[in-house]
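Data first, discussion second: the structure below is written as structure tokens.
Please treat every number below as a calculation from the coordinates, not as lab data. These numbers come from a predicted model, not from an experiment. Virtual Cβ from ideal backbone geometry, glycine too; neighbours counted across all protein chains shown.
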Amino acid sequence: MNKKIFTIILLFLFSNSEIAYGQCGDFRIEEDYFADQLIGFYINSIDINTGDTSIEYFRYRIIQENNQTDNLKANYSLIINSPDLGLSNFELMSGVIDISNISIPELVFSNVDINFDTQSIPGADFNSEESNLASISELEAIQSVILSSGKVPNGTYILNVTLRCSEDDSVVYDSISKTIEAYEPVFLDLLSPGGDIQDTSSTAIFNTMPLFTWSSDYCTQCNYGIRVCKYDPELHSSLADAIEDISVLPSNQNIDFYTLETNGSFAYPSQDAFDILPNNLYVWQIQRSYETTLGNQKNKSEIFVFKVSSFENLLDETTNEDPYKDVLKSLLGYQYQELFTNDGELTNFKVKNSTVVLNNQVVPISTLYDIIEQLNSGEAQLLEVEVE
């Protein structure tokens, strides 16, 4: 069983704490730096054969208040809570490191100073006195996930370190507990306004300062941005073409995405944006960015398009709509589409009164309902439709 994978995790995850002082010396541990902005930890950022890396994840210092002793012990444990692994409060590893031959008052060490063969850091020697790992079957299952995904699985990792006196384990110098949230996001879905291009009629809005909403998974260190552009089917070959054109948000064309302070919803601003105008189509997209050991990662959502209607047009459409359109549809069937739409002979035709001529007689248009019933029951048959 190759234990290097789990040593790599410890290198990734190496705050203040409760302090107790012993009689055999006074030590404390302080955090100089920790890469809290990282949420994705990829295995290929560390040499799997040596443990070497050029990326600094942490830097700590152990400070001795006096020179009473030149050695101490560091007890450590790593607890995992990972839905990806199906683990809750699971102790992956624990052990004891003997730090001896301390020759300077402050030991400063970083993960870049430590690899699989490290036996010393400037000013002291390191030696693994005790090491405990989970069972072979549990380790193999975890290792399989890590190797297949190439990264530390999403979850919360808790590293506990306690400095103790080498001569008396009951004497605790200092202790730390560091919680690392490694949750690299997966999905980013737009909700409203808009949708696909064929749905613009049903998803049309009237608000020229709309509320944009989207759904994404948990991410504490993610940054979000939004981009809104006008869409003109005569100028743009696709929604992707439109989103790359001049933006209405942000109005500053040197910025690709307008920075958002919150995640999940955003009201169109009155500043730093051009007006959204009625009777136009617009496209929008959300971008998410975050830091990993491979550098900055950016995810973009799909592109939604929405139509901004006007109340004036709505009133015009209502006024001009044929009140007997449904009657004609039921009477003519598929031939209605041929005659009244797609440049048919009766496109834009509307029944302007409530009577029709039937067998050379003027009768109420409601008589057509009787004919529709006869057609549906098979008592009558529509043979031909002629337009005069």
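Highest mean packing first, where packing is the average number of other Cβ atoms within 10 Å per residue, the peptides 67-75, 269-277 line up as 67-75, 269-277.
Which loop-located GluC sites (Glu not before Pro) does region 138-171 contain, where loop means any DSSP state but H, G, I, E or B and the Cβ has at most 15 other Cβ atoms within 10 Å? Mind dumping the intermediate values first?
Values: sites: Glu138, Glu140, Glu167; in loops: Glu167.
Here the GluC sites (Glu not before Pro) that fit, given the DSSP loop and packing criteria, are Glu167.
To the nearest 0.05, how large is the calculated FRET efficiency for Asp36 and Glu129 if R₀ is 35 Å and r is the Cβ-Cβ distance? Before the final figure, lay out each step's value.
On the way: r = 30 Å, r/R0 = 0.86.
So, using R0 = 35 Å, E works out to roughly 0.70.
With the convex hull of the Cα atoms taken as the outline of region 188-312, the averaged projected area works out to 8.3 nm².
Mean silhouette area of region 4-182, derived from the convex hull of its C-alpha atoms and averaged over all directions, reads 9.8 nm². Among Thr262, Thr367, Thr53, sorting on how many other beta-carbon atoms sit within 10 Å of each Cβ, with the fewest leading, yields Thr262, Thr367, Thr53.
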